[in-house]
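Working notes, beginning with the structure itself.
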Amino acid sequence: MMSTIVVLWTIGYVLQRSGFRIAGGLLIFAGTGIVPLFVFTVQRALGIWPDDQTYAYMEFYQVVARTWVPLELISIGVAVIVIWRVRFTLISLLIAFWTWFLSIDITRWMSQSNYWTWSDREQIVSTTIGVGMLVLGIWLQRRTKQDYSFWFYLFGHIIILIHLSALTLEREGFLGIVYLAIYISFVVASVWLQRRVFLVFGAIGCYSYLSYLAFRVFEGALGFVFALGVIGLLIVLTAVGYQKYLRSWLENQLAPYRVSSVKS
């Protein structure tokens, strides 16, 4: 296993030095991606891995358990060192992914529960980690020349969309308004940060809320089809209005505070 990682890293490094930066970076990314399997193999060989077949490596992406915490910490540490050495931004996706896994496994550890359910606690933890990734992305955008922030933005938004929706929408009322306000703020942040990923997910969140209301209010009624049609029309009109009027106004208002954008 170690030999596979070394070979991938070596070939990738040579390719990068030869001018094939993307091809070499992808090989290094692949080698870094199997670090958890290598750590698992070492732990098994040293006899410090549980004998329970529930924790076979194939369950790493399915079973939430505190057993994975050391594996994830080591994997994240290795990924940080690799990205620092080779400056290939895609590796930040591995860091984001494993950090989320680490957060939910630590939550399981701290709760001392014998089973896992996606209750409010887990939704809150995942949403918090997603927000943390957005904050880290903003910091990286301000501090680094290469675009290390994109994958943290993308993964953070995906986590927030999934878990914040589950946490707030079914409760409706005030939390639903908070959900809508958060995604409107993402649209505004897209201008401040000059990042389309915030605009895309801001729009997805807003229209998800409107669609949810349509299903709740008009379900089983004659107005249901009409409501869906109105939402579709709103999507088109809002996009046109934003591009033609609101975007330029927001850019002028936020110009003094704009975060410099790194182009990938």
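Would you point out the residue of segment 87-108, among those that are in contact with a Phe, Trp or Tyr (Cβ under 7 Å, 6 or more places away or on another chain) and more than 16 Å from Gly132 (Cα to Cα), that is modelled with the lowest pLDDT?
Arg108
Just to be sure, is Gly156 surrounded by fewer than 21 Cβ atoms within 10 Å (Cβ to Cβ) and of a type outside the set (Val, Ile, Thr)? Even if it seems obvious, please write down each step before you answer.
Details: surrounded by fewer than 21 Cβ atoms within 10 Å (Cβ to Cβ): no; of a type outside the set (Val, Ile, Thr): yes.
Answer is no for this residue.
If you go through segment 186-193 one residue at a time, do you hit one that is surrounded by fewer than 16 Cβ atoms within 10 Å (Cβ to Cβ) and among the β-branched types (Val, Ile, Thr)? Outline the logic, then answer.
Initially, segment 186-193 is screened for residues surrounded by fewer than 16 Cβ atoms within 10 Å (Cβ to Cβ), giving none.
Within segment 186-193, not a single residue is surrounded by fewer than 16 Cβ atoms within 10 Å (Cβ to Cβ) and among the β-branched types (Val, Ile, Thr).
Could you please let me know if Gly229 is surrounded by fewer than 19 Cβ atoms within 10 Å (Cβ to Cβ), modelled with pLDDT under 70 and either at positive phi or not small (Gly, Ala, Ser) (or both)?
no
Just to verify a result, which residue in segment 75-92, among those that are in a helix (DSSP H, G or I), touching a residue at least 12 places away in the same chain (Cβ under 8 Å) and more than 13 Å from Thr144 (Cβ to Cβ), is nearest to the chain's Cα centre (by Cα)? Don't jump to the end; show me each part of the working.
Taking segment 75-92 as the starting set, the residues that turn out to be in a helix (DSSP H, G or I) are 75-86, 91-92.
Now drop any that are not touching a residue at least 12 places away in the same chain (Cβ under 8 Å), which leaves 75-76, 78-80, 82-83, 86, 91-92.
Next, only the ones that are more than 13 Å from Thr144 (Cβ to Cβ) stay: 75-76, 78-80, 82, 86, 91.
Numbers: Ser75: 17, Ile76: 15, Val78: 20, Ala79: 16, Val80: 17, Val82: 20, Val86: 22, Ile91: 13 Å.
Out of the qualifying residues, it is Ile91.
When the residues of segment 26-41 are narrowed to those that are within 12 Å of Glu72 (Cα to Cα), part of a helix (DSSP H, G or I) and of a type outside the set (Phe, Trp, Tyr), which ends up farthest from the chain's Cα centre (by Cα)? First the steps, then the outcome.
Step one: filter segment 26-41 for residues within 12 Å of Glu72 (Cα to Cα), giving 33-40.
Pick out the ones that are also part of a helix (DSSP H, G or I) and you get 33, 35-40.
Retained after the next criterion (residues that are of a type outside the set (Phe, Trp, Tyr)): 33, 35-37, 39.
Working: Gly33: 17, Val35: 20, Pro36: 19, Leu37: 22, Val39: 24 Å.
So the residue we want is Val39.
Anything in segment 167-190 that is acidic (Asp, Glu) and in contact (Cβ under 8 Å) with a residue 12 or more places away in the chain? List them, or say none. Steps first, please.
Residues of segment 167-190 that are acidic (Asp, Glu), as a first pass: 170, 172.
Once the filter is applied, which keeps residues that are acidic (Asp, Glu) and in contact (Cβ under 8 Å) with a residue 12 or more places away in the chain, segment 167-190 yields only Glu172.
The values are calculated or read from the model by the stated rules, or taken from the named source; none is laboratory data. A quick note: this is a predicted structure, and the numbers were derived from the prediction, not measured. All Cβ positions, even for glycine, are placed from backbone atoms using ideal geometry, and neighbour counts span all protein chains on display.
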